[in-house]
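Engineer: The structure that follows is given in the form of structure tokens.
The values are calculated or read from the model by the stated rules, or taken from the named source; none is laboratory data. A quick note: this is a predicted structure, and the numbers were derived from the prediction, not measured. Here the Cβ positions follow ideal geometry from the backbone for every residue, glycine too, while neighbour counts run over all protein chains shown.
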Amino acid sequence: MTKETCHIDFEPIGRRAACRPGTDLLTIAREAGISISAVCGGKGTCGRCRVRVLEGDVSPLNETEREALGSAADEGMRLACQTLVRGSAKVYIPPTSLTAKQRTLVEGQSIDFDLLPPVTVTPISMQGPRLTDLQADAARIRDHIQSSASEDVVWDYAVLRTLSDDIRAQEWETNLALRDGEVVGLLKSGRAPLGLAVDLGTTKVAGYLVDLSTGSTLASEGIMNPQISYGEDVMARVAFALDSPEKAQLLEHTIVTGIGDLAAELCRQAEADPSEIVEAVVVGNTAMHHLFLGLPVRQLGNAPYLAATSDALDVKARDLGLAFAPGAYVHLLPNIAGFVGADHVATILSTGLDQAEETAIVLDIGTNTEIALHHRGRLITCSTASGPAFEGAHISCGMRAAEGAVERVEVSDGSVKYQTINDRPAVGVCGSGILDVVAQLYRNEVLDMKGGMQEGSARVRNTDNGREFVLVPADESGTGQDIVVTRADIGEIQLAKAAMRAGVNVLLAEAGITAKDVQRFVVAGAFGTYIDVQSAMDIAMFPELPLERFQQVGNAAGAGARMALLSVVARRHAADIAHKAQYVELTNDMRFTEQFTLAMFLSQDLMS
């Protein structure tokens with residue numbers, strides 16, 4: 001690196017690239033293995049390589065960009081091929097500008113449950129009014145329903161606004177969507193009521209479009225949380241929101257728009273329309289929950305990290321800015337306390353942890369990692385800031401899970417074998433890959449227990465910034481540059497894994513047991529699904545237990561959200577979980593500080 005070298009952070013890819021001032025962003029991205037669409041070859045005429053410069057010094061907007069972008073230029077959009085860097089910068093790449101799709105996890109296991117959705121459909125087939133019958137449209141339909149129903153019918157105001165036109169357009173044959181006796185929508189005859197379940201993660205958002213009448217999932221999709229351009233982690237976004245009411249509203253608008261776009265895409269895949277969504281469930285940690293609803297977050301910015309509300313909520317979708325059925329509700333599961341939110345309630349719900357007969361732990365690994373322990377009827381929870389390292393962020397050659405990311409590594413007798421996503425040439429290393437690297441280097445004594453890199457390996461070299469390990473030589477990589485793991489990278493993984501392990505150990509101590517007493521160790525979340533459990537044990541991230549005690553369940557929060565979407569019994573169960581759970585605040589817990597210090601070592605020998 002020279003003094004002229006600058007760095008560009010690409011979001012939401014989580015990829016950092018080195019470059020020289022005067023280079024255009026498209027070239028920098030391509031050299032970093034990020035596939036940005038540019039069908040015109042970088043001439044600025046197609047307008048597809050759109051990016052937003054969040055921070056840093058770049059060249060001013062030129063006429064080529066103004067012509068290609070139109071009004072988008074006034075909103076801060078730039079063309080990567082025309083934007084020259086003058087210094088280090090942070091750049092956001094919209095999903096529509098990427099040609100290589102990032103891997104997000106939507107699949108998740110759940111326990112069995114009975115289908116009992118909050119919204120049901122009542123078919124209506126009746127004669128229209130006659131000259132001798134002057135009954136109002138709403139009363140006519142209400143009387144028709146109540147002739148065979150036991151409960152009174154009330155009308156959502158927004159449904160009434162279009163009722164007369166809609167019922168005539170459907171020739172008095174329709175499906176009334178009813179929620180606790182309230183008409184929340186009119187569906188065309190033969191159309192099923194649809195529900196949307198959303199796992200609102202700090203980094204990723206998973207959505208599921210569900211047929212409420214059958215319980216079947218019609219489409220599922222994962223996207224990057226668009227709020228990431230305003231902060232990688234929860235506290236960064238809370239701080240951004242506290243800068244001004246306008247910034248808080250921007251965060252709210254950004255995620256509402258993202259969920260709306262996700263719903264539209266899911267409906268497109270299922271050949272449906274968002275207006276057929278009559279119910280939604282959204283789960284997320286406490287901060288994501290509050291930012292989505294526009295609730296105050298100032299009290300979440302400092303200890304003791306209090307929620308504005310922990311109760312389950314039912315909010316009209318239209319009040320949030322979501323264009324679903326006119327009277328559709330969004331149900332939010334209860335939060336527990338601190339940053340242990342509705343997403344972890346959903347995880348506990350779908351894994352059945354609170355009903356386990358054996359001692360069991362569940363970790364939902366993400367930028368924030370939530371942990372729950374069930375022992376002899378007692379349910380204890382905590383949240384720990386594991387950070388974005390396992391998403392590839394803050395790693396020198398790190399990236400999120402996309403094509404060309406190294407996801408598996410094996411080191412033996414000085415040789416290195418690796419596997420990339422979709423078997424493409426390596427362009428970086430994602431979370432599961434960096435975990436494997438650390439475990440393999442420690443196992444092969446390239447790293448000592450403190451994470452120090454030892455000389456002796458042909459792939460270890462000294463640089464001005466310390467030692468680094470060459471994972472993929474330049475002649476094998478897809479970027480034409482070495483893909484390396486530095487001592488600083490090792491340190492980032494140590495911090496992340498130490499936070500997780502310390503959280504586990506505090507809960508074990510709170511219950512008065514040791515890791516050997518755990519009969520089932522459930523690992524949830526996208527990163528938790530793709531990691532090698534043995535690698536996690538090798539560096540003391542997980543307790544050393546027989547492999548058969550571990551269970552990797554995928555997106556358990558998303559599975560729990562679907563359960564709550566399809567069953568009012570599951571919603572009541574979720575409320576019971578939140579009430580039952582005991583929360584341990586780690587911030588001021590001396591046990592956490594002690595255990596975190598020990599967990600920074602890579603050896604299991606120091607862990608109790």
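Engineer: Just to check your reading of the model, which residue among Ala564, Ala578 is farther than 19 Å from His375 by Cβ, assigned by TED's automatic domain parsing to the domain that holds Asp364 and part of a helix (DSSP H, G or I)?
Structural biologist: So the residue among Ala564, Ala578 that is farther than 19 Å from His375 by Cβ, assigned by TED's automatic domain parsing to the domain that holds Asp364 and part of a helix (DSSP H, G or I) is Ala564.
Engineer: Can you spot a residue in region 395-402 that is in a strand (DSSP E or B) and modelled with pLDDT under 90?
Structural biologist: Within region 395-402 (the criterion being in a strand (DSSP E or B) and modelled with pLDDT under 90), the answer is yes, since at least one residue qualifies.
Engineer: With the structure loaded, tell me whether Ala139 is surrounded by fewer than 18 Cβ atoms within 10 Å (Cβ to Cβ) and modelled with pLDDT of 80 or more or whether it fails that test.
Structural biologist: For Ala139, the condition - surrounded by fewer than 18 Cβ atoms within 10 Å (Cβ to Cβ) and modelled with pLDDT of 80 or more - is met.
Engineer: Just wondering, is there one or more residues in region 328-337 that are farther than 29 Å from Leu266 by Cβ and either without any contact (Cβ under 8 Å) to a residue 60 or more places away in the chain or within 22 Å of the chain's Cα centre (by Cα) (or both)?
Structural biologist: Within region 328-337, one or more residues are farther than 29 Å from Leu266 by Cβ and either without any contact (Cβ under 8 Å) to a residue 60 or more places away in the chain or within 22 Å of the chain's Cα centre (by Cα) (or both).
Results for (1) under 18 Å from Asp482 (Cα atoms); (2) exposed (fewer than 15 other Cβ atoms within 10 Å of the Cβ); (3) touching a Cys at 6+ places or on another chain (Cβ under 7 Å), shown as yes or no for each residue.
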position: Ala18; (1), (2), (3): yes, no, no
position: Gly33; (1), (2), (3): yes, no, no
position: Cys49; (1), (2), (3): no, no, yes
position: Glu55; (1), (2), (3): no, yes, no
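Engineer: Continuing with this model, one more query. Considering only region 341-392, how many residues are basic (Lys, Arg) and under 15 Å from Lys497 (Cβ atoms)?
Structural biologist: So the count comes out to 0.
Engineer: Right, another one. Just need a number here: residues in region 180-219 that are hydroxyl-bearing (Ser, Thr, Tyr) and surrounded by fewer than 20 Cβ atoms within 10 Å (Cβ to Cβ).
Structural biologist: 5
Engineer: Which numbered condition in (1) assigned to a loop (DSSP other than H, G, I, E, B); (2) closer than 30 Å to Ala287 by Cβ; (3) outside the structural domain of Gly558 (by TED's automatic domain parsing) is the only one that Gly366 fails?
Structural biologist: Every condition holds for Gly366 apart from (3).
Engineer: Looking only at region 307-319, count every residue that is in contact (Cβ under 8 Å) with a residue 24 or more places away in the chain, out of contact with any strand residue (DSSP E or B) (no Cβ under 6 Å at 6 or more places or on another chain) and not charged (D, E, K, R) and tell me the total.
Structural biologist: 4
Engineer: Oh, and also: Run down Ala236, Ala219, Ala197, Ala192 and say which single residue is under 20 Å from Ile365 (Cβ atoms) and small (Gly, Ala, Ser).
Structural biologist: Ala236
Engineer: For region 410-425, check the following and say yes or no: at least one residue is outside any strand (DSSP E or B), outside the structural domain of Ala17 (by TED's automatic domain parsing) and either touching a Cys at 6+ places or on another chain (Cβ under 6 Å) or crowded, with 21+ Cβ neighbours inside 10 Å (or both).
Structural biologist: Taking every residue of region 410-425 in turn, at least one turns out to be outside any strand (DSSP E or B), outside the structural domain of Ala17 (by TED's automatic domain parsing) and either touching a Cys at 6+ places or on another chain (Cβ under 6 Å) or crowded, with 21+ Cβ neighbours inside 10 Å (or both).
Engineer: Look at Trp155 and say whether it is of a type in the set (Phe, Trp, Tyr), at pLDDT below 95 and closer than 22 Å to Ala317 by Cβ.
Structural biologist: Here the answer is yes, as Trp155 does meet what is asked.
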